[in-house]
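Peer 1: Structure below; questions to follow.
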Amino acid sequence: MTVDDTIIEVSDATVAFEMERGAARVLDDVDATVNRKEILGLVGESGSGKSMLASSMLDAVEDPGQLTGEVTYYPDDGEPISILDLPAEELRQLRWEEIAMVFQGALDSFNPTQNIRQHFQETLSAHNANREEGMERARELLSELYLDPDQVLGSYPHELSGGMKQRALIALALLLDPDVLVMDEPTGALDLLMQRSILSLIKKLQREYELTIVFISHNLPLVANLADRIGVMYAFDLVEVGRAEDVIESPRHPYTRALLRAVPNLDMSFDEMQPIEGDAPDPVNVPPGCAYAARCPLADAECRAEKPPYEELSDTHRAKCIHTDEAPDAVPLAVNSMEAQSGNTGVTTGEEP
Amino acid sequence: MTDEPVIELDDTEVHFENRSGLLDLFGDTERVQAVDGVSLEIPENDVVAVIGESGCGKTTLGKTAIGLQRPTGGSVKFRGQDIWEARDKRRKADIPYDEIRRSLQIIHQDPGSSLNPNQTVLASLLQPLKRWEPDMTREEMEARVLGMLEEVGMKPPEDYAYRYPHQLSGGEQQRTALVRSLLMEPDLILADEAVSALDVSLRVEMMDLMLELQDQFDTSFLYISHDLSNARYFAGQADGRIAIMYLGEIVEIGPVEEVLENPQHPYTKVLKWATPDMEVKHGKVDSPPVRQIDIPTPTDPPSGCRFHTRCPKAREECTTESPDPIGNGDRKTACFRVDPEHTYWESEPLEGTDQEGEIL
């Protein structure tokens, strides 16, 4: 079970960079918390800012992006750490030892001229860790990921399949026993069978090593299966956050609801599928009010004039929309969805027992 | 038009010689068995979705079906005419090779890289017309291109015609690629992971568009993907079939809902497990229902049934004998378990399989 205390807190995080056409804000004043030992899923379409939010948690936003705001890490013991104020060397230590990251496109992050063993050894010496113990842990992690340690450690990256490389990379990220693992689209390039297999392994590792996991993906069904809590990103902001059941079964932001109707799954009847009309806003030219207004059936003058604040729907569930009460009727979910089955249209706020 | 299927694959086989490069001077050349003994008919106005993991040979099968890859065994016929005979014999063929080429089109996974970055949309789209419709005037060609752009929802078409590919969104690029193949009035379009690169909110829209055009132009689609939900959406609406491929072979084929609601091959069941539903599970995902999560290399496929090394239902029989596809009509499955009389049931379950309570 997740313990409800915060391990990472992000406030007012903004990432901006200069483009020829003007200043682009690719993360816009985002507040987010990650609870200790939970799996937080961040979903959004490409360009929604989900990777930026993940990188912000480690102050790993790449140039020319400029990150402002605050990111606080609360270690198991010891004082809170302000990540954006850390000197470079301390940040480097923290990144592997406390918060580890598996980046998008990770399949290319191995050095092609080194075998997998050298990658593990280098990481250990860069952090002055005991090599023998470290390699013992590496073997243990690799076996848990259904890999043959001897075979994999002796291989060069090109000798491994995509799914094997990805698992080796997860083992590498966990080598120094971090508390938090941030995974940005870690399975996107893989087949569904491998994705799903890796998810069940991630869950196993999370339980065993008491990890906190932030899992970023565009694949809503995958995140629904995995996460304890889900945050939905749209146009550079977190528009709805809640427990997985809040967000998947009684979503209250019109965008979340539209997204649920746009993703095919094996049970849904065909005529319930509905694409989302229109395009996401340009980061150089974000409209003044709610960024979703142009595509939203509920949008009115107020939505277009002002950015909506969070509506607190329960202790665990919030959405940035002033029409959360009308959203269930305006954007109905499929008839066989949990919401329809339980007769819960979501208009009564508060949690289900 | 004849009653012959648009495409007929008969015991088609594609094996590649694979040399591993300079470092492998003394190694033997490996033979990759990309496609092995596949028979498949695609009639007019039909949709077939081929599903499988990467490396299962589905892309090679697709390319072979539209005449882009020469098979090393068996045959590929377009309306009864062997495609490679037509190519080799040129004018002596019943259906000229040029006509075959034009009738079989492809849309790729990455729409950006399939369009020439230095050409406007209009220039890209005029090219095939110039080649195949030499009698059309420039004005007629432009009118045709603009009409098609409008047809796929790129309105007003004049706005899009003079843009370069990088000025289009991913969805617009994919529509442009679709227009380019439709301009040929093809009989069959190979759509290889055609929506996988698009954003989730655009995939349904793109599939709807392809279905609409399929209906309107009587085009058949060979749709290739690793994603069962999208395949179900696409092929299911067209009352099409789904074919499950594993290591070069079609292991199960049939009408979409029949295969998905009542999968017969253990591998089809595994793929269903791998397809996430919208259920909230807090990560309570069961262990993968396969004995090995990595796919064996196609250079050295397992003996007997190729799935036996991973299959949760494998028995001794499966390690030596390769099951033939059996079934009636549209529905066929290559697994001993479909036949209740098979000697499989008397043979010993393999270690690590889960067959509790099943007749022995």
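The values are calculated or read from the model by the stated rules, or taken from the named source; none is laboratory data. Being a predicted model, the structure only gives us computed values, none of them experimental. Here the Cβ is made from the backbone with ideal geometry for all residues, glycine too, and neighbour counts use every protein chain on show.
Peer 1: Could you check segment A:189-216 and list, in sequence order, the residues that are at the interface with chain B (Cβ under 10 Å from one of its Cβ atoms) and closer than 22 Å to A:S46 by Cβ? Outline the logic, then answer.
Peer 2: Filtering segment A:189-216 down to residues at the interface with chain B (Cβ under 10 Å from one of its Cβ atoms) leaves A:189-204, A:206-207, A:213, A:215.
The answer is A:A189, A:L190, A:D191, A:L192, A:M194, A:Q195, A:R196, A:I198, A:L199, A:I213, A:F215.
Peer 1: Among the residues of segment A:242-258, are any crowded, with 22+ Cβ neighbours inside 10 Å and in a strand (DSSP E or B)?
Peer 2: Scanning segment A:242-258 turns up at least one residue that is crowded, with 22+ Cβ neighbours inside 10 Å and in a strand (DSSP E or B).
Peer 1: In contact with a Lys or Arg (Cβ under 7 Å, 6 or more places away or on another chain) and polar (S, T, N, Q) - does that describe any residue in segment A:10-25?
Peer 2: Within segment A:10-25, one or more residues are in contact with a Lys or Arg (Cβ under 7 Å, 6 or more places away or on another chain) and polar (S, T, N, Q).
Peer 1: How many of the residues making up segment B:130-158 are farther than 24 Å from B:Q214 by Cα and among the aliphatic types (A, V, I, L, M)?
Peer 2: 1
Peer 1: Looking at segment B:283-315 only, could you name the residues that are of a type outside the set (A, V, I, L, M), under 30 Å from A:E245 (Cβ atoms) and surrounded by 20 or more Cβ atoms within 10 Å (Cβ to Cβ)?
Peer 2: So in segment B:283-315, the residues of a type outside the set (A, V, I, L, M) come out as B:283-284, B:286-289, B:291-292, B:294, B:296-313, B:315.
Narrowing the set further to residues that are under 30 Å from A:E245 (Cβ atoms) leaves B:283-284, B:286-289.
Result: B:G283, B:P288.
Peer 1: It is to be established whether one or more residues within segment B:316-335 are surrounded by 19 or more Cβ atoms within 10 Å (Cβ to Cβ), away from every other protein chain (no Cβ under 14 Å) and in contact with a Ser or Thr (Cβ under 6 Å, 6 or more places away or on another chain).
Peer 2: Yes; the residues of segment B:316-335 include at least one that is surrounded by 19 or more Cβ atoms within 10 Å (Cβ to Cβ), away from every other protein chain (no Cβ under 14 Å) and in contact with a Ser or Thr (Cβ under 6 Å, 6 or more places away or on another chain).
Peer 1: Criterion first (of a type in the set (G, A, S), modelled with pLDDT under 95 and either under 25 Å from the mean Cα position of the chain (by Cα) or farther than 30 Å from B:T275 by Cβ (or both)) does A:A330 satisfy it? Spell out the reasoning first.
Peer 2: Working: of a type in the set (G, A, S): yes; modelled with pLDDT under 95: yes; either under 25 Å from the mean Cα position of the chain (by Cα) or farther than 30 Å from B:T275 by Cβ (or both): no.
Answer is no for this residue.
Peer 1: Among the residues of segment B:265-282, which ones are touching a Pro at 6+ places or on another chain (Cβ under 7 Å), more than 7 Å from chain A (Cβ to nearest Cβ) and buried (at least 22 other Cβ atoms within 10 Å of the Cβ)?
Peer 2: B:P266
Peer 1: Continuing with the same structure: Which condition from (1) surrounded by 22 or more Cβ atoms within 10 Å (Cβ to Cβ); (2) free of Cβ contacts under 8 Å to residues at least 60 places away in the same chain; (3) within 12 Å of chain A (Cβ to nearest Cβ); (4) over 21 Å from A:I198 (Cβ atoms) is the one that B:E257 breaks?
Peer 2: Among (1) surrounded by 22 or more Cβ atoms within 10 Å (Cβ to Cβ); (2) free of Cβ contacts under 8 Å to residues at least 60 places away in the same chain; (3) within 12 Å of chain A (Cβ to nearest Cβ); (4) over 21 Å from A:I198 (Cβ atoms), B:E257 violates only (1).
Peer 1: Continuing with this model, one more query. Of the residues that sit in segment A:175-230 and are in contact (Cβ under 8 Å) with a residue 40 or more places away in the chain and of a type in the set (D, E), which one is nearest to B:D199 (Cα to Cα)?
Peer 2: Looking at residues that are in contact (Cβ under 8 Å) with a residue 40 or more places away in the chain and of a type in the set (D, E), I get A:E185.
Peer 1: When you go through B:T176, B:T137, B:T120 one by one, which is the residue that is loosely packed, with under 15 Cβ neighbours inside 10 Å and either hydroxyl-bearing (S, T, Y) or touching a residue at least 60 places away in the same chain (Cβ under 8 Å) (or both)?
Peer 2: Numbers: B:T176 fails: loosely packed, with under 15 Cβ neighbours inside 10 Å; B:T120 fails: loosely packed, with under 15 Cβ neighbours inside 10 Å.
Step by step, each of B:T176, B:T137, B:T120 is checked, and only B:T137 is loosely packed, with under 15 Cβ neighbours inside 10 Å and either hydroxyl-bearing (S, T, Y) or touching a residue at least 60 places away in the same chain (Cβ under 8 Å) (or both).
Peer 1: Condition test on A:R257, is it within 22 Å of the chain's Cα centre (by Cα), away from chain B (no Cβ under 14 Å) and within 27 Å of B:D277 (Cβ to Cβ)?
Peer 2: Numbers: within 22 Å of the chain's Cα centre (by Cα): yes; away from chain B (no Cβ under 14 Å): no; within 27 Å of B:D277 (Cβ to Cβ): yes.
No.
Peer 1: Let me spell it out: the conditions are (1) more than 14 Å from every other protein chain (Cβ to nearest Cβ); (2) at pLDDT below 95; (3) surrounded by 16 or more Cβ atoms within 10 Å (Cβ to Cβ), and B:G55 meets all of them except one. Which number is the exception?
Peer 2: (1)
Peer 1: Separate question: Taking segment B:318-360 on its own, how many of its residues are of a type in the set (G, A, S) and touching an Asp or Glu at 6+ places or on another chain (Cβ under 6 Å)?
Peer 2: If we filter segment B:318-360 for residues that are of a type in the set (G, A, S), which is where we start, we get B:322, B:327, B:329, B:334, B:347, B:352, B:357.
From what is left, the residues that are touching an Asp or Glu at 6+ places or on another chain (Cβ under 6 Å) are B:347.
Count: 1.
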